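These notes are about the structure you will find just below.
The values are calculated or read from the model by the stated rules, or taken from the named source; none is laboratory data. Since the structure is predicted, the reported quantities are computational estimates derived from the model, not experimental observations. Here Cβ is always computed from backbone atoms with ideal geometry, including for glycine, and neighbour counts include all displayed protein chains. Calculation scope for accessible area: heavy atoms of the full protein, side chains included, ligands and nucleic acids excluded. Shrake-Rupley method; radii C 1.70, N 1.55, O 1.52, S 1.80 Å.
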Amino acid sequence: MRFLEPMAWAFAASLVLVVLLHLLKRRRRNVPVPSLVLWERFLQDTRASHPFQRLHFSWLLLLQLLALAVLVAALARPVWVTSVPPAPLRVLILDVSASMQASDVAPSRFEQARAQALRLVADAAPGEELAVIRAGVQPQLVQTPTRDHASVRKVVSALEPTDAPGRLMPALRLAEALVRQQPDARIELFTDGAAADWDEGYASLLPLTEHRVGRQGENLAVVACEVRVDPEPPQAARLVARVKALSERALSALAELRFEGELLERRPLVLEAGQSTTLAFALPEARAGLWELSLETRDDLAVDNRVVLPVRAPRPVRVVLVSPGNLFLERALRALPWASCVVATQPPPDLAGVDVLVLDRVPLQGWVSVPVLAFGTWPWEPGTDTRSVESPTEIVDWDPTHPVLRHVQLEGVHAARLEIRPPLSGAEVLAECRWGPVLLAGQRDGCRFVWAGFSVLDSDWPLRVSFPIFMANAVNWLASDSRTPDAVRAGEPVSLRLERPVWEVEVEGPEGQVWRWTPGSLTDRPVFGPPERCGVYRFRSQAGVSVVCVNLLDENESDLRARASVLKEPERVAGGSGTGLFVRREFWAGLAAIFLALLLAEWWWYHRRSV
Amino acid sequence: MSLLVGPELQRVLDRLRWSSRQWARSMAHGEQRSRARGHSVEFADYRPYVAGDDFRHIDWNLYGRLDRLFLRLFEEERELWVHVWLDASASMRWGAPEKFRVACQIVAALGYVALGSGACLTVHVYPGPGDRVGQQRAAGAPTGAAAAETGQQFQAEQGCEVARQWACELGLRRLRGRGRALRFFRCLEGLLPGGHIELEPWFRAQAAPIRPPAVAVVVSDFLDAKAPTGGLATLVARGLEVHAVQVLSPQEWVPDTYGELRLEDVETGLWQEVTFGRYRLKAYQRTVQRYVDQLREYCRRHGTGFVSVRSDADLAKLLAREFRTLGLWS
């Protein structure tokens, strides 16, 4: 139960008043009379001997009627519907991206932006409406339009910068939705201009005032980092990182590699302005644990100086090939050094532990939660939306940028019989023949899939070098979907892959804080986040423990160099040109007060006339 | 002449003569002329002689002129019994002017006219002397140690007062002739109001020896809680000519106390809590008027004369007008 006017409970004080009135002792005077006969008859006459009597004028009656009428009117919650000129609206957008932590201005860019925002709130006219949008990975309207400037100040004071890259355009679109119908409305953007999605063309169309914070920042950042483990024994590992000096002068640093806090290697580093370098650390043995690369330097942003990556003992990708017999596929899969292949003629009923399911002209029976690589028949709904082509056909176009077709050349690949399927939602066309798409990749029911519209036995593709590369890419791309990622960038969601469905996951954050996270349904593929803090996240559930490292690794966000704003000061629109707002003002509280006063007057009148 | 009947009132009363339909029914010989024919010296009429009439009453002069026998008729002088019932209960000791005082004045006037008209007057005072004096003395008696010290003296004084009241009451019995008027007034002045009795049994006992024809006039406030008309009913049942005179004080018509009241009945000691304000005055007055109307209606139905007077009314006008309508005197 909620109350529209909780302040109305203040009228409960009247209860005490009533009790006090009743506490007043009625002092009766002893009056001797010759006889009670007349008085008893008088009292008897004044009692109700008949249900009705003639209505006589009485001030008490008038007061009671007035009080009751006022009470009834108050219960009806009357309102004045008045048209008021629209109050000027200002939408404050605060950029909370990682670059706002930069300390090139004291104490930081974000604190300076917050101070400017608070100053703007303090200078706002009393009737001015203010709204606050937090421009993080996802825009968040943290304060709806209100005239309560104190609450706006409280909201602004509670904001904190994140470790994630900022996205200003969604925040601007949200602000535009707020100010769309109000010509006098303004958008006040407090940012350092480091957002990658900044669209000046769109921003120039908005009634936007940009409050640029930050000067010439100097930053030495790790903009990319990866650990690769050799699947072959002795499983040597290589950590490769790219470090860039995002400054107008040369910067030096000391690169340190640690394993579980133990310093393994330290390298001095000197980079000219704008120069980048690649650091490669060869590790004789990939020990499972957290590897940390940090830069010891004095720059203006600390969050991009440290990268944490987990290294796990390599586990072979378990592939199940379901085929009536296909030597090419079997040999291609067995040739993968990091995969173990099992061949079957029917899809196994229990797919637990299977990373990739390869189907060769075999349809699926029911739903599976395993990435699928299918050749020939469309395995899910065979025969629907597919068109068979019985003539030899050549693949004429493909997408080499897709991870599945990286380093794959499909030129001259022919198929004697194939199926053409129109593009699906959630799927990309990887290759096409002149009849249509023959190679699709995407997601279906939360699992990745790759589908080729022909059997390798009806094609000359197995005889080409690109086939084993394709198989390796496909299995690798599909298998990566069956495992929880080791590391993600800040602001990207974490797709957990658990052994079995769970209702609840215990999360341990980078600062050691632990909280319960409910994905919302019983699932083995919950999506967490996006996390806005860099560090190590541990997800504990009945299905085990997953460790995910979150790092910034965003060159654009790490670039603190000054960016000039090209926005022009928008023209002020004369006030009063907007459409009026219909405001309903309730005044039942006043009526309740009148009722109380009438009640007291009635009481006073009653006692006054009886003496 | 008296504190009760002043000279002006006396002059008014002197012009009045008791007139009651009960005269003719009275069988006792007295001093008062009546419509009955009898043997007084006052000539009344002639009538033709019939066999058996007394020869002594034949008018021989008329026989000589008319040669017919006529009898001379004379008025019969008879005596009328007038019984006045005076309410001297505690409720009469109230009001300004005091109701009992006005009631005594009315009784004095009635008695004066009755005595002047040759009636035999008896005034019955109720409650009895013991009840009246007892309550009145109790109301004014000292309390606490003073009461203990003066206990015997108090009892002695009370006994004397009761005796005095008895004497006053005895002086109000069987009075005849205007020569007794002065004594009658003094006895009335000596009465003290107070006490409370059950009306109906008392009236029944007091009215038992009274035989009609007689006139009974009840002067009271008729504010008895149980049976205000009980006494009247008893007297009517005895076949008397009954008249009721109600005396109410101005304060009973217009109370002068308002607010949260705890009203105490001075007769019974019962109390009643009342919230009374000016806004209820009209309703109260309607109640009083309705009560008086009910009494009047009761009296009308029983052939009883009724008049309600306020204790602050002009007594001379009241006696000359209101009581004339009762047919008590002319």
When the residues of region B:50-97 are narrowed to those that are assigned to a loop (DSSP other than H, G, I, E, B) and of a type in the set (A, V, I, L, M), which ends up farthest from the other protein chains (Cβ to nearest Cβ)?
B:69
Residue within region A:90-98 that is acidic (Asp, Glu) and within 22 Å of residue A:556 (Cα to Cα) present:
yes
Taking region A:334-347 and keeping residues out of contact with any Asp or Glu (no Cβ under 9 Å at 6 or more places or on another chain) and either open to solvent by less than 30 Å² (accessible area, probe 1.4 Å) or closer than 19 Å to residue A:448 by Cα (or both) leaves A:336, A:344, A:347
Run down B:296, B:286 and say which single residue is at the interface with another protein chain (Cβ under 9 Å from one of its Cβ atoms), at negative phi, in a helix (DSSP H, G or I) and open to solvent by 10 Å² or more (accessible area, probe 1.4 Å).
B:286
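Is one or more of the residues making up region B:268-278 more than 11 Å from chain A (Cβ to nearest Cβ), assigned to a loop (DSSP other than H, G, I, E, B) and in contact (Cβ under 8 Å) with a residue 12 or more places away in the chain? Spell out how you get there, then give the answer.
Restricting attention to region B:268-278, the residues satisfying the condition of being more than 11 Å from chain A (Cβ to nearest Cβ) are none.
Scanning region B:268-278 turns up no residue that is more than 11 Å from chain A (Cβ to nearest Cβ), assigned to a loop (DSSP other than H, G, I, E, B) and in contact (Cβ under 8 Å) with a residue 12 or more places away in the chain.
Can you give me the ranges of the strands (runs of 3 or more DSSP E) entirely in region A:246-313 with at least 3 residues that are loosely packed, with under 15 Cβ neighbours inside 10 Å?
Values: elements: A:251-259, A:262-271, A:276-283, A:289-296, A:306-311.
Strands (runs of 3 or more DSSP E) meeting the threshold: A:262-271, A:276-283.
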Test set (1) open to solvent by less than 60 Å² (accessible area, probe 1.4 Å); (2) modelled with pLDDT under 75; (3) in contact with a helix residue (DSSP H, G or I) (Cβ under 9 Å, 6 or more places away or on another chain); (4) among the β-branched types (Val, Ile, Thr) - residue A:84 fails condition number:
(3)
Residue in region A:354-375 that is free of Cβ contacts under 8 Å to residues at least 40 places away in the same chain and more than 38 Å from the chain's Cα centre (by Cα) present
no
Among the numbered criteria (1) farther than 26 Å from residue A:498 by Cα; (2) surrounded by 15 or more Cβ atoms within 10 Å (Cβ to Cβ); (3) among the hydroxyl-bearing types (Ser, Thr, Tyr), which single criterion is violated by residue A:388?
(2)
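Matching residues to (1) β-branched (Val, Ile, Thr); (2) farther than 22 Å from residue A:360 by Cβ; (3) open to solvent by 70 Å² or more (accessible area, probe 1.4 Å); (4) in a helix (DSSP H, G or I):
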{"site": "A:404", "(1), (2), (3), (4)": "yes, no, no, yes"}
{"site": "A:407", "(1), (2), (3), (4)": "no, yes, yes, no"}
{"site": "A:439", "(1), (2), (3), (4)": "no, no, no, no"}
{"site": "A:442", "(1), (2), (3), (4)": "no, no, no, no"}
I'd like to know if region B:103-123 contains one or more residues that are at pLDDT 90 or above, open to solvent by less than 10 Å² (accessible area, probe 1.4 Å) and within 14 Å of chain A (Cβ to nearest Cβ).
yes
Could you list, in sequence order, all residues of region A:500-527 that are of a type in the set (D, E, K, R), under 23 Å from residue A:447 (Cβ atoms) and surrounded by 16 or more Cβ atoms within 10 Å (Cβ to Cβ)?
A:524, A:525
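Considering region B:233-259 alone, what residues qualify as being of a type in the set (Gly, Ala, Ser) and either over 15 Å from residue B:221 (Cβ atoms) or out of contact with any Cys (no Cβ under 9 Å at 6 or more places or on another chain) (or both)? Give the derivation first.
Start the filter on region B:233-259 by keeping residues that are of a type in the set (Gly, Ala, Ser), which leaves B:233, B:237, B:239, B:244, B:249, B:259.
Those that are of a type in the set (Gly, Ala, Ser) and either over 15 Å from residue B:221 (Cβ atoms) or out of contact with any Cys (no Cβ under 9 Å at 6 or more places or on another chain) (or both): B:233, B:237, B:239, B:249, B:259.
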Scanning region A:422-437 residue by residue, those more than 30 Å from residue A:522 (Cα to Cα) and in a strand (DSSP E or B) turn out to be A:429, A:430, A:431, A:432, A:433, A:436, A:437
Residues (more than 30 Å from residue B:116 (Cβ to Cβ) and either open to solvent by less than 40 Å² (accessible area, probe 1.4 Å) or in contact with a Pro (Cβ under 6 Å, 6 or more places away or on another chain) (or both)) located in region B:52-96:
B:53, B:58, B:59, B:62, B:70, B:71, B:90, B:91, B:94
Across region A:1-31, which residue is modelled with the highest pLDDT among those that are within 10 Å of another protein chain (Cβ to nearest Cβ) and surrounded by 13 or more Cβ atoms within 10 Å (Cβ to Cβ)?
A:31
Which ones in region A:528-543 are at pLDDT 85 or above and open to solvent by 50 Å² or more (accessible area, probe 1.4 Å)?
A:533, A:538, A:540
Right, residue A:563: under 24 Å from residue A:317 (Cβ atoms), among the basic types (Lys, Arg) and open to solvent by 60 Å² or more (accessible area, probe 1.4 Å) or not?
no
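Out of all the residues in region A:32-60, which are open to solvent by less than 100 Å² (accessible area, probe 1.4 Å), in a loop (DSSP other than H, G, I, E, B) and either among the hydrophobic types (A, V, I, L, M, F, W, C) or modelled with pLDDT of 80 or more (or both)?
Initially, region A:32-60 is screened for residues open to solvent by less than 100 Å² (accessible area, probe 1.4 Å), giving A:32-43, A:45-46, A:48-49, A:58, A:60.
In the following step, the residues that additionally are in a loop (DSSP other than H, G, I, E, B) were identified as A:34-36, A:48-49, A:58.
Residues satisfying the conditions are A:34, A:35, A:36, A:48.
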Scan (1) at pLDDT below 85; (2) not in a loop (DSSP other than H, G, I, E, B) for the single condition residue B:47 breaks and write down its number.
(1)
Quickly run through region B:304-330 and pick out the residues that are out of contact with any strand residue (DSSP E or B) (no Cβ under 8 Å at 6 or more places or on another chain), more than 24 Å from residue B:98 (Cβ to Cβ) and of a type outside the set (S, T, N, Q).
B:324
